[in-house]
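Please read the structure below before turning to the comments.
A short reminder: the numbers here are calculations on the coordinates, not readings from a lab. Computed from a predicted structure; not experimentally measured. No Cβ is skipped: glycine too gets one built from the backbone with ideal geometry, and neighbour counts run over all protein chains shown.
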Amino acid sequence: MGKRITGDGTQSLLTLAQEAGISLTAVCGGTGVCGACKVRCMNGQLSESHNSESELFSETQIGQGWRLACMAYPLSDVRVEIPPESMTTTQRLQIEGVLREVPFKPAMQLRKFTLTEPNPDDLRADWERFTAAMGNNFSQRQDLQLPVLTQLSDRMRAGNWPGVAVFDEDQAVVGFLEADQTPCGVAVDIGTTKMAAFLVDLSTGETLGKMGAMNPQISYGEDVISRIAYANQGPTFRETLQASLAQGINDLVDNLCLSVGVEQTQIVDFVLVGNTAMHHLFAGLPVRQLGQAPYVAAVSQALRVPAHELSLVGAPGARIYLPPNIAGYVGGDHIAMLLASNVRQGDGVIVALDIGTNTEISLSKGGKLISCSCASGPAFEGAHIHAGMRAVPGAIERARFYEGDWHISTIDDEPPIGLCGSGILDVVAELLVSGQIDTTGRFTTQAIRRVHQGRSDAVVLVPGTNSGTGKDILVTQADIREIQLAKAAIRAGVAALLRATGTKENAIDQFIIAGAFGTYLNLESALKIGMFPELPRERYQQVGNAAGVGAQHLLVSVDSRRQAEAILADVDYLELTTDPGFMASYVDVMGFDPIRKE
């Protein structure tokens, strides 16, 4: 990569890489548990290997210099090789969603004005001159933001005294535009792994540009729990997570503005949606209580915050709107998804879910809404899978077994280097259908290319001669177990909501699947392994990044903001850890149903 990093020997290779902006995969947040941050020391001396590394690497591999970056500390100048599978390389990012019309009513309002130029007979201050131009209905505010005042004088003189003032819902001035400029807003869906940003013209509602990026916090922990643990080490650690996320959003904004020729000072409004942990980490709120029972949020209601207080670029007084959080593990992104999917206004029984490390599920019936969150784990992001990876070029995303062998397709048709979530889902479904695993998930005598892997068994999906890494791509018994755990959590979560509302599975009229993984998964594979109820296919709908669409609705419509806040007031939250039937249901759906022969 050509990067040089300077340290004093007290920082691990992972920490040094993070400080240098090199995004190594750190699923466990650097505790040596996940084994994802593999590197190879080519020259120099590192600290003695840790016990966790001895269990992960063979003696030959250790002799070749293989280490975990989180466990290795440089004792001299070193040169380190980072294999592709250890990098959080740019992955396919889901930014599209199914749009619907909402009333165009942005929070920000414009007022054009022309000021009289100062002269020896009129020495009024610029702000006093502006308030006079606004008329008798404009009250001179005493809580003016200094950045807004700083902008006024130069902006008016540069434009020869006409201009446009932008006001928020409380009639506070957030900035000034030139006469020919349009106000813009940015909606951001902050996922634990990925972010999607949308630049919107707030004079027309038109989406001018959209862009995706990795969540930069991923270098500090790939899941929510790891980041909470990182933040709990002290205020500076929490500030590091907030600053990294703010910078990531600013980078997206900068690239969006450059792509369409918009100035950053034209951005007057932001809407940010994310799960409760992402919400709190961005807002700088404490997260310790999110990691401890009973897992409560610091704040649930919607927030409006000056953008500069959270280090976002934009107009001097730009605002951020953060929609409500339903519970500790059901955040504003789920509310945005419910808005975009129009779940509350739909007829009949509707189940809507967004699959992720934590899968949020809601059920709407008879005007009532109930939600829950189930810990489906990171398997569908490729984590905790032996050859797992995120959806990057070369990741196996589709797999079929026929004519006695595996037939795969990879992202961008690159040589296969691992399995992303949709790929491992297909593989497990095909293993089941072809009889290579039984209903308990164990390999049978029909499993082809079966090999021993440690204390368990595996099958060779792609021989090393055909892979992009030169190594066999394996699917292990533990991989199948991870998928069983994930699918059981989702199915049991749906079952819990059905029980709580006295609803039978076959009464579900619409089953909405949202999110990036929900977009790319093979619905038939999900049904084969029992992840979703067996319903007529027309009742299923894969809607893409509905949270991103909902964020755009919140940006262009204050009515949508009121609806979001009404959801918080009306929704019932079901805590699965206290639900008496959840664990029994979870165990019941852990196995696979026998495959019906056509």
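With θ set to phi - 60° and the Karplus curve 6.51 cos²θ - 1.76 cosθ + 1.60, what are the ³J(HN,Hα) couplings of segment 61-76 in order, to the nearest whole Hz, using x for Gly and Pro?
5, 4, x, 7, x, 6, 9, 8, 4, 6, 9, 10, 10, x, 9, 7
Determine, at each q value in 0.06, 0.09 (inverse angstroms), the log₁₀ of I(q)/I(0) that the Debye formula gives when each Cα of the chain is one equal point scatterer.
-0.35, -0.76
For the ranges 366-377, 445-456, what's the packing order if you count other beta-carbon atoms within 10 Å of each residue, average per peptide, and put the highest first?
Ranking, from highest mean packing down: 366-377, 445-456.
Report Rg(Cα)/(2.2 N^0.38 Å) for segment 379-480, keeping two decimals.
Segment 379-480 yields a ratio of 0.96.
How large is ³J(HN,Hα), in whole Hz, for each residue of segment 528-542 in order, when computed from phi with the Karplus curve 6.51 cos²θ - 1.76 cosθ + 1.60 and θ = phi - 60°, using x for Gly and Pro?
4, 8, x, 6, 10, x, 7, 10, x, 4, 5, 7, 8, 9, 9
How many Å³ per residue does the convex hull of the Cα positions in segment 13-86 occupy?
82 Å³
Please report Rg (one decimal) and Dmax (integer) in Å for the Cα set of segment 390-447.
Rg then Dmax for segment 390-447, in Å: 12.0, 34.
Give me 222, 430 ranked fewest to most by other Cβ atoms within 10 Å of their Cβ, as a rough exposure proxy.
Exposure proxy ranking, most exposed first: 430, 222.
What FRET efficiency would be calculated for the residue pair residue 121, residue 503, taking the C-beta separation as r and a Förster radius of 60 Å, to the nearest 0.05?
Computed FRET efficiency for residue 121 and residue 503 comes out at 0.20.
In the neighborhood of residue 329, defined by Cβ-to-Cβ distances under 11 Å, what is the net charge if each Lys or Arg adds +1 and each Asp or Glu adds -1?
-2
For the chain, can you list the cysteines whose C-beta has no other cysteine C-beta under 4.7 Å from it?
For the chain, the answer is 37, 41, 70, 184, 257, 372, 374, 420, because their Cβ atoms have no other cysteine Cβ under 4.7 Å.
Specify the inter-centroid distance of segment 259-283 and segment 31-80, based on alpha-carbon positions, in whole Å.
39 Å
About the Cα centre of the chain, how large is the charge dipole given +1 on each Lys and Arg Cβ and -1 on each Asp and Glu Cβ? Please answer in debye to the nearest 20.
Dipole size: approximately 700 debye.
For segment 554-571 and segment 530-549, compute the distance between their C-alpha centroids and round to whole Å.
23 Å
When a/c reaches 1.5 or more, the comparison of a/b and b/c decides; with that in mind, is segment 452-598 rounded, prolate or oblate per its Cα gyration tensor?
Verdict is prolate for segment 452-598.
May I ask you to work out the translational diffusion coefficient for segment 109-177 at 4 °C, viscosity 1.567 mPa s, via Stokes-Einstein with Rh from the Kirkwood sum over Cα pairs, reported in whole µm²/s?
105 µm²/s
Using Cα-Cα distances under 8 Å and only pairs 6 or more residues apart, what relative contact order does the chain have, in percent?
Reported as a whole number, the value is 14 percent.
Give the total of Lys-Lys pairs in the chain with Cα-Cα distances below 19 Å; include a pair only if its members are 8 or more places apart or on different chains.
7
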